[in-house]
Amino acid sequence: MNNSSSVEAAANDGCGVIRFSTADYAPWEGLDAWCETYTRTVQNIDIEPLSTKRFHAKATLLQMPGLALAAGRTTPSIYQRRRELIDHDDVVFLWGLTSSYQVHQFGRTFDMDRGQTIVLTGAEPGFLRVPRPGDYASLRVPVRCLSPLISDLDAAYGRPIPAHSPALQLLTRYLGILQEAGTFAVPELRRQAVTHIHDLLALAVGATRDAAEIAKVRGARAARLHAVKEDIANRLDQPDLSVARIAAQQRVKPRYVQRLFESEGTTFTEYVLTQRLAFAHRLLSDPLRAGVKISTIAVDAGFGDLSYFNRTFRRRYGLAPSELRASTASAD
């Protein structure tokens, strides 16, 4: 493997990251490199380009116990796994993020709309036809991890999951939050996240009664809490931020959002206040914002009342906002 692709192995725990892009190769080398370095070596599939124009593709594959997550982009192509290339029986969840595509397995061809997900098995041949350039994502989970959670896994193969599925939407957002936060790089957090992802996949496909009850209080709750916290972080500057507004954004009841924070020993109001104060603290500690008025920073953090901001800030950090700024300036 040359320096145009990279493999990053985690610390002896079965995890690793593989990144590849044809942009790192000469135009006449891209397709061959993609085949030799990624599709045949890593994914064990064949590829047939559908266009005579220059071939482009990129991919990031994150592998860990219980889960493999791939995402990337490709120009029009057919990706095929023949029977002699089969090397696992994992459950595969595949979706096109920016274009439609076709999937063939069990003698049937499925036309998939953008955002839809289809459940496949790695134990049978199949192909994916990507008619237009587009982004894609896939998850691979060992069958032993999902079969106890899903009512009839065999019946789920070849069945699409609509893009508007609440569990699928929650899963998609949760994956983005986990990756942005670097959760997969921390072993203990990674193990919890993989369990939560299994829960959400089971809910999206059709969990058993027992698995559904567990998933709702474990994986779904964790994913929803992460999503709620992200919404709060994006709206800290809004003084009228309320549990009702966040609940509406999440399409859940306000009481459910309140219970999420109660499970962490706090309340929605207390959490928002803590995040606003922490945000203001970061701004006040930033030398690049030394010329910004404290009242402006208070407003940017969602405080409409300056005296209330000063009082709560002192109570939280043991000094006034002006004192923090002064100490930061003297430290420089």
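Only residues that are without any contact (Cβ under 8 Å) to a residue 40 or more places away in the chain and either among the hydrophobic types (A, V, I, L, M, F, W, C) or in contact with a Phe, Trp or Tyr (Cβ under 7 Å, 6 or more places away or on another chain) (or both): list them for segment 152-164, please. Please lay out each step first, then the result.
Applying the first criterion (without any contact (Cβ under 8 Å) to a residue 40 or more places away in the chain) to segment 152-164 yields 154-155, 164.
Hit for segment 152-164 is ALA155, nothing else.
Just checking, how many residues over segment 79-103 are surrounded by fewer than 17 Cβ atoms within 10 Å (Cβ to Cβ) and over 25 Å from the mean Cα position of the chain (by Cα)?
Total satisfying the criteria: 6.
Taking the options LEU153, LEU175, LEU146, name whichever one is under 13 Å from the mean Cα position of the chain (by Cα) and open to solvent by less than 20 Å² (accessible area, probe 1.4 Å).
LEU175 is the lone residue from the list that is under 13 Å from the mean Cα position of the chain (by Cα) and open to solvent by less than 20 Å² (accessible area, probe 1.4 Å).
Does at least one position in segment 46-58 carry a residue that is touching a residue at least 12 places away in the same chain (Cβ under 8 Å), under 25 Å from the mean Cα position of the chain (by Cα) and either closer than 28 Å to THR208 by Cα or exposed (fewer than 15 other Cβ atoms within 10 Å of the Cβ) (or both)? Lay out the reasoning, then the answer.
First, pick out the residues of segment 46-58 that are touching a residue at least 12 places away in the same chain (Cβ under 8 Å): 46-51, 53-58.
This time we only want the ones that are under 25 Å from the mean Cα position of the chain (by Cα), so: 56-58.
Then keep just the ones that are either closer than 28 Å to THR208 by Cα or exposed (fewer than 15 other Cβ atoms within 10 Å of the Cβ) (or both); that gives none.
So far as segment 46-58 goes, no, none of its residues is touching a residue at least 12 places away in the same chain (Cβ under 8 Å), under 25 Å from the mean Cα position of the chain (by Cα) and either closer than 28 Å to THR208 by Cα or exposed (fewer than 15 other Cβ atoms within 10 Å of the Cβ) (or both).
Is it fair to say ASP135 is under 28 Å from TYR174 (Cα atoms), in contact (Cβ under 8 Å) with a residue 24 or more places away in the chain, of a type in the set (Asp, Glu) and touching a helix residue (DSSP H, G or I) at 6+ places or on another chain (Cβ under 9 Å)? Before the answer, list the steps.
Details: under 28 Å from TYR174 (Cα atoms): yes; in contact (Cβ under 8 Å) with a residue 24 or more places away in the chain: yes; of a type in the set (Asp, Glu): yes; touching a helix residue (DSSP H, G or I) at 6+ places or on another chain (Cβ under 9 Å): no.
Judged against the criteria, ASP135 is not a match.
Which of the residues belonging to segment 107-122 are surrounded by fewer than 13 Cβ atoms within 10 Å (Cβ to Cβ) and in contact (Cβ under 8 Å) with a residue 12 or more places away in the chain?
Residue satisfying the conditions is ARG108 alone.
Across segment 17-45, what is the number of residues that are open to solvent by 80 Å² or more (accessible area, probe 1.4 Å) and assigned to a helix (DSSP H, G or I)?
5
Output the helices (runs of 4 or more DSSP H) that fall wholly within segment 237-308 and possess 2 or more residues being touching a residue at least 24 places away in the same chain (Cβ under 8 Å) and open to solvent by 30 Å² or more (accessible area, probe 1.4 Å), or say none.
Those helices (runs of 4 or more DSSP H) span 268-284, 294-300.
Residue pairs, Cβ under 8 Å, 6 or more apart or interchain, first in segment 165-179 and over 13 Å from HIS198 (Cα atoms), second among the aromatic types (Phe, Trp, Tyr) and modelled with pLDDT under 95. List them.
Matching pairs, first to second residue: LEU178/PHE184.
Tell me which strands (runs of 3 or more DSSP E) are completely within segment 89-141 and hold 1 or more residues being out of contact with any strand residue (DSSP E or B) (no Cβ under 6 Å at 6 or more places or on another chain), or say none if there are none. Let's see the steps before the verdict.
Numbers: elements: 91-96, 101-105, 108-112, 117-121, 126-130, 134-141.
Where strands (runs of 3 or more DSSP E) fall fully within segment 89-141 and carry at least 1 residues being out of contact with any strand residue (DSSP E or B) (no Cβ under 6 Å at 6 or more places or on another chain), they are 108-112, 117-121.
Exactly one condition in (1) within 23 Å of LEU97 (Cα to Cα); (2) within 22 Å of the chain's Cα centre (by Cα) is not met by ARG132; state its number.
In the conditions (1) within 23 Å of LEU97 (Cα to Cα); (2) within 22 Å of the chain's Cα centre (by Cα), ARG132 misses (2) alone.
The values are calculated or read from the model by the stated rules, or taken from the named source; none is laboratory data. Nothing here was measured: the structure is a model prediction, and the numbers come from that model. Neighbour counts are summed over all protein chains in view; Cβ atoms, including those assigned to glycine, are modelled from backbone coordinates with ideal geometry. What goes into the accessible areas is simple: the full protein's heavy atoms, side chains included, and nothing from ligands, DNA or RNA. Shrake-Rupley method; radii C 1.70, N 1.55, O 1.52, S 1.80 Å.
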